[in-house]
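Below: the structure, in structure tokens.
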Amino acid sequence: MLGLKSDTDISWVKIAENNLQQLLTDHAFAEQKAAAAAVSLIINYSEETEFVQALSDHAIEEMEHFKMVHEIMVARKMTLGQDQKSEYAKHLSKFFTKTKDRQQSLINRLLMAAMIEARSCERFSILSNHMEDKELAKFFGDLLASEAGHYSLFLGFARKFMDRETVDELWDEFLTYEADYMKQQGKLPLVHG
């Protein structure tokens, strides 16, 4: 369903489980950044009523996920820690040519968000199926449908705001670009690392 062109090696789960504080901190901040990105899109494309309504719900849901992750951390006597720049997001952003075209900028941002959500979904699936920590495995499993819905939301709006053939061609190239990067990942306890 996600169309990703590379799969995370299951060995990454052990890295994640051995570094739960870092994994959960990264996850919490990823949820917070997703909410902030949605709010930014609302601000910049406020004339698109259906889009604003959908992203308002999305931003709220992402902050709810942030809160859920933080509550798990508090229950486990962990502190949130400091946010770190996402090398994954930084790399993905290099795929897109800088543009002053408002519509193309929107498409680029939507595809970027769709990719991040798709990879999150794939990683959560692996965690839910292979973690020894059953509480966290269930937690990540419970997030799967939501993350898949987020991926579909962003890709769907990209196809609405620009013709589908153009969007799908760009999306396919972006999937290849992301897969090439992910072949060198899987060594850090980060949702996209």
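We did not get these values from a lab; they are worked out from the coordinates using the rules stated. Nothing here was measured: the structure is a model prediction, and the numbers come from that model. Heads up, the Cβs are rebuilt from the backbone with ideal geometry, glycines too, and the neighbour counts pull from every protein chain shown.
Below are the figures for this structure:
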read-out: Cα-projected label distance for Lys85 with Asp57, points at 7 Å along beta-carbon direction, nm; value: 3.6 nm
read-out: Dipole in debye (nearest 20) - segment 39-102, about Cα centre, beta carbon charges: Lys, Arg +1; Asp, Glu -1; value: 540 debye
read-out: Residue exposure sequence - Val39, Val69 - by fewest surrounding Cβ within 10 Å; value: Val39, Val69
read-out: Amide N of segment 161-181 lying under 12 Å from the label point, which is placed 7 angstrom from the Cα of Glu50 along Cα→Cβ; value: 161-162
read-out: Loop-located GluC sites (Glu not before Pro) in segment 1-108, at most 15 other Cβ atoms within 10 Å (DSSP); value: Glu47
read-out: Kyte-Doolittle at least 0.0, axis length at least 18 Å by Cα - qualifying DSSP helices, the chain; value: 20-44, 49-75, 134-161
read-out: Stretchable slack from Asp9 to Asp142, in nm (0.36 nm times residue separation minus alpha-carbon distance); value: 45.8 nm
read-out: Contour minus Cα-Cα distance for Asn129 and Glu169 (0.36 nm per residue); value: 11.2 nm
read-out: Loop-located trypsin sites (Lys or Arg not before Pro) in segment 123-193, at most 16 other Cβ atoms within 10 Å (DSSP); value: Lys183, Lys187
